[in-house]
1. For the range 1-73, state the average projected area of the convex hull of the C-alpha atoms over all orientations, rounded to one decimal in nm².
2. For the chain, what is the largest minus smallest coordinate of the Cα atoms on each principal axis, given in angstrom and ordered from greatest to least?
3. Please compute the modelled spin-label separation between S30 and R77, points set 7 Å along Cα→Cβ, answer in nm with one decimal.
4. Pop out the ³J(HN,Hα) list for the range 103-110 in order, Karplus 6.51 cos²θ - 1.76 cosθ + 1.60 with θ = phi - 60°, rounded to Hz; leave Gly and Pro as x.
5. Can you give me the relative contact order of the chain as a percent, contacts being Cα pairs under 8 Å and 6 or more apart?
6. Find, to one decimal place in angstroms, the Kirkwood hydrodynamic radius of the range 71-123, where the mean of 1/r is taken over every pair of different Cα atoms and then inverted.
7. Could you name the aspartates and glutamates whose alpha carbon sits less than 17 Å from that of K87, not counting residues in the same chain fewer than 8 places away?
8. Ignoring solvent entirely, what values of log10 I(q)/I(0) come out of the Debye formula for the range 38-95 at 0.13, 0.14, 0.29 Å⁻¹ when each Cα is a single scatterer?
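The values are calculated or read from the model by the stated rules, or taken from the named source; none is laboratory data. In this text the structure is predicted, and so the values were computed from the model without any measurement. A quick note on method: Cβ atoms are made from the backbone with ideal geometry, for glycine too, and the neighbour counts reach across all protein chains shown. Quick note on the areas: whole protein, heavy atoms, side chains included, nothing else; ligands and nucleic acids left out. Shrake-Rupley method; radii C 1.70, N 1.55, O 1.52, S 1.80 Å.
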Amino acid sequence: QVQLVESGGGLVQAGDSLMLSCAASGRVISSSALGWFRQAPGREREFLAAIRWMGRTTNYADSVKGRFTISKDSDKRTIYLQLNSLKTEDTAVYYCANAASVWALSPREYHTWGQGTQVTVSS
């Protein structure tokens, strides 16, 4: 029932920052979580971070902790991913998705996905 739409991607230089947004419409189960993934060409989809729809609990992949920050604005029904100190290897399509648990790490545990937004980092 929930629908997710990502935005905010673009072309940036290494060291720059971006803020990605994911707007949720329809029903989001209160106990569920929204997460961010990315997928580069020829690579598997990679978990980045998740946040509970209700409450403050967050979950980060070790690979991005300290550079990326997940947050939300409940009034706007939107989650965000702040990308700092971007590297060329961060180039990928970034997706948001809905799962039953904030601790879910596998794409198979996420049941609803947005269409993705492209982030390209040049050197």
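1. Quarter of the Cα hull surface area: 6.0 nm².
2. In descending order, the Cα extents are 41, 29, 25 Å.
3. 1.7
4. 8, 5, 10, 8, x, 5, 8, 9
5. 36 percent.
6. It is 13.0 Å.
7. Partners found: D16, E46, D62.
8. Those come out to -0.36, -0.42, -1.31, one per q.
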